[in-house]
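The values are calculated or read from the model by the stated rules, or taken from the named source; none is laboratory data. Note that the structure is a prediction, hence the values are computed from the model and not measured. Cβ: placed from backbone, ideal geometry, glycine included. Neighbour counts: every protein chain shown. Side chains included, ligands, DNA and RNA excluded: accessible areas come from the protein's heavy atoms. Shrake-Rupley method; radii C 1.70, N 1.55, O 1.52, S 1.80 Å.
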Amino acid sequence: MKGLVLASALSVVWASVGAANPAAVSGIVRGDFDGDGILDSATLIQSERKIEISIDHGGSSAAAQVLEFGVDPSVQEAICQLPAKLTSTPQNCSPMDEPLPGCKLVPGAIGLTLSDGECDSIYLYWDHGASKMAWWRL
């Protein structure tokens, strides 16, 4: 894919953050991420050095998927500065006319945007092939 960085969002176990680096929930977005008609939720957790987005797939007994991003303007998997903001966004399966792997346009499904007002935003979408959230950015 030219001009587009794509990464599969990895499911990891959420480790607790030490007292020297407190984390705080700073936003929750609810919506149907995968288009199954069941409400899902994404929780934004910010600390001094990293951003975590915990994806709870509604109706599933599976553990939450946690996506981690850094805070560093020189890293692709990071935002430039804090605070970050998580918002819902319409699905876009072909940014810059390049199809995203596993992305399907499903009526009622939404995507997410992680932004800081400085760097290019990070966009999250449901990868139907992998059955988890994935992300891309310009």
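Just wondering, is there one or more residues in segment 65-73 that are open to solvent by 20 Å² or more (accessible area, probe 1.4 Å), in a strand (DSSP E or B) and of a type in the set (Val, Ile, Thr)? Yes, segment 65-73 has at least one match.
Filtering segment 47-64 to residues that are assigned to a strand (DSSP E or B), surrounded by fewer than 19 Cβ atoms within 10 Å (Cβ to Cβ) and among the charged types (D, E, K, R) leaves LYS50, ASP56.
Here is a yes/no grid of residues against (1) surrounded by 14 or more Cβ atoms within 10 Å (Cβ to Cβ); (2) within 16 Å of the chain's Cα centre (by Cα); (3) not basic (Lys, Arg):
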| position | (1), (2), (3) |
| --- | --- |
| GLN76 | no, yes, yes |
| GLN91 | yes, yes, yes |
| PRO99 | no, no, yes |
| VAL106 | yes, no, yes |
| GLU118 | no, no, yes |
| SER121 | yes, yes, yes |
| TYR125 | yes, yes, yes |
| ALA134 | yes, yes, yes |
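Out of everything in segment 4-32 that is outside any loop (DSSP other than H, G, I, E, B) and at pLDDT below 90, what residue ends up being most open to solvent (accessible area, probe 1.4 Å)? Here the residue is VAL25.
Of all residues in segment 33-46, how many are assigned to a loop (DSSP other than H, G, I, E, B) and surrounded by fewer than 16 Cβ atoms within 10 Å (Cβ to Cβ)? Qualifying residue count for the region: 3.
Taken over segment 91-133, residues that are closer than 19 Å to ILE38 by Cβ and outside any loop (DSSP other than H, G, I, E, B) amount to 9.
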